[in-house]
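The structure under discussion appears below in the form of structure tokens.
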Amino acid sequence: MSAKRTAIFNQGRGKQHGAVLTIMLVIMIVGIAAILVNSLSSATLKNARQKNTAAALAQAKDALIGFAITYGDTHTASFQVNGYLPCPDNAGGNAEGSAELSCGNQDVSVIGRLPWATLDLSTLRDGDGECLWYAVSGTYKDNPKTGLMNWDTNGQFQAYAPDGTLLSDQVVAVIFAPGAPLSGQNQNRSPNGTAPICGGNYTVTNYLDNDTVHGINNRDVVSGNFIQGTSGGTINDQMLFITKQDIWNAIKKRNDFGAFVAKLLHPSIAYLPTTVDFSTTPTTENTYATPGCLRISRVRKGYIYSNDWQDNVLYARPTGSCTITVNGANCGYGVVIFPGERNTGQTRITNTDKNTWSNYLEGANLTAFTYGTTTTGTTHNGTISFSGATSYSAASPSTDVLACE
């Protein structure tokens, strides 16, 4: 082969190699671009799902708080106070999405599907298309009701971050977005006719997860411990919780809450017993002798405008030749006190707490209220002076409010 023909051949072969490299480069670019597009599409889809989940949870939380803070307005057949939350939907015979008329025993917490119809909502779904679930503390569910419903009523739940850090121990309700089914759950979410609108069924283990690492089982409403999962994680339940502060911060700012307190402050004190120890359902007076100038107690169930608030209404009646004044004005029968929301350091959980006056009153009013009651065998005479606000203010909810009767 001549040198000229060899050169031409080699030149053609070089062009072929160049073309192959160019094609391979194009294929690589297209492949990388496809990977990037798929990655971006996956991230976009994940973000969209998370956004939908967050929106559904937030809407459910707002609706539940609205239900609680207007409960007395919407349940007018008999006098009801605000604060209660609905039972879950547990396929108890009502239409799907409706709260059960009664759920469990008194003060026993319950878990089930969110009662979206009762809350006047559509079928709220998370980003994976699942309807929401809901747990309510036994002390906040509306049937059967707890003994007392007021701002000292605690929830029975604790909420934890994904790493096991405690977020709140004042939780009264939790809303769950169950997310995509994990291993073992997929085949168990098939419809069985009980939830035709949402699809699936009412078996909580098919939807909520058990975090064995932190020992927190979101299916176990009895323990009251619930943990936040992560999207795509081994625990993928997304949750949003409601604290008692969420509910009571809204209730105490209602325009009519001051009028409600005013009604609490005006029982017929002339007919009140001299003393009564606190219990959640007192039916008889536990009379005891106080050697001081006052008979002090709280207004007993049946004498007060709202029995749910009986632990928050105190009174003092003079004995012997003592006189009670409020802001300098003489009180013929005595003083009635609404002690306000508890301050830091005050505890109002047990009956012992509720019979400890320093958990309700402060300063001069505490001194006046307990005047002489620890001096055995001594009779005090004179004027016992109380002072302070005579009407409730949302700006200072922990302030003692006094009524001279």
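The values are calculated or read from the model by the stated rules, or taken from the named source; none is laboratory data. Bear in mind the structure is a predicted one, so any value in this text is a computation, not a measurement. Glycine gets a Cβ as well: all are built from the backbone with ideal geometry, and neighbour counts include every protein chain shown.
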Every residue from segment 343-367 that is without any contact (Cβ under 8 Å) to a residue 24 or more places away in the chain and either touching a strand residue (DSSP E or B) at 6+ places or on another chain (Cβ under 6 Å) or closer than 23 Å to Q170 by Cβ (or both): T344, G345, Q346, T347, T350, T352, D353, T356, S358, N359
Considering segment 43-89 alone, what residues qualify as being modelled with pLDDT of 95 or more, assigned to a loop (DSSP other than H, G, I, E, B) and out of contact with any helix residue (DSSP H, G or I) (no Cβ under 7 Å at 6 or more places or on another chain)? T70, C87, P88
Applying the selection to segment 77-114, what residues are in contact with a Phe, Trp or Tyr (Cβ under 8 Å, 6 or more places away or on another chain), surrounded by fewer than 21 Cβ atoms within 10 Å (Cβ to Cβ) and either aliphatic (A, V, I, L, M) or not assigned by TED's automatic domain parsing to the domain that holds V222 (or both)? V81, A91
Quick check on my filter: what residues within segment 228-256 are under 16 Å from the mean Cα position of the chain (by Cα) and under 30 Å from T399 (Cβ atoms)? F241, I242, T243, K244, Q245, D246, I247, W248, N249, A250, I251, K252
Would you check if D120 is surrounded by fewer than 19 Cβ atoms within 10 Å (Cβ to Cβ), of a type in the set (D, E, K, R) and farther than 19 Å from A195 by Cα? no
So which residues in segment 87-131 are within 24 Å of K51 (Cβ to Cβ) and out of contact with any Cys (no Cβ under 9 Å at 6 or more places or on another chain), if there are any at all? L119, D120, L121, S122, D126, G127, D128, G129
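Scan segment 90-120 residue by residue and report those that are within 21 Å of P191 (Cβ to Cβ), of a type in the set (A, V, I, L, M) and outside any strand (DSSP E or B). Before the answer, list the steps.
First, the residues of segment 90-120 that are within 21 Å of P191 (Cβ to Cβ): 90-98, 100, 111-117.
Filter again for of a type in the set (A, V, I, L, M), leaving 91, 95, 111, 114, 117.
Correct list: A91, A95, L114, A117.
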Of the conditions (1) assigned by TED's automatic domain parsing to the domain that holds Q238; (2) of a type in the set (V, I, T); (3) more than 23 Å from D209 (Cα to Cα); (4) not in a loop (DSSP other than H, G, I, E, B), T153 fails just one. Which one is it? (4)
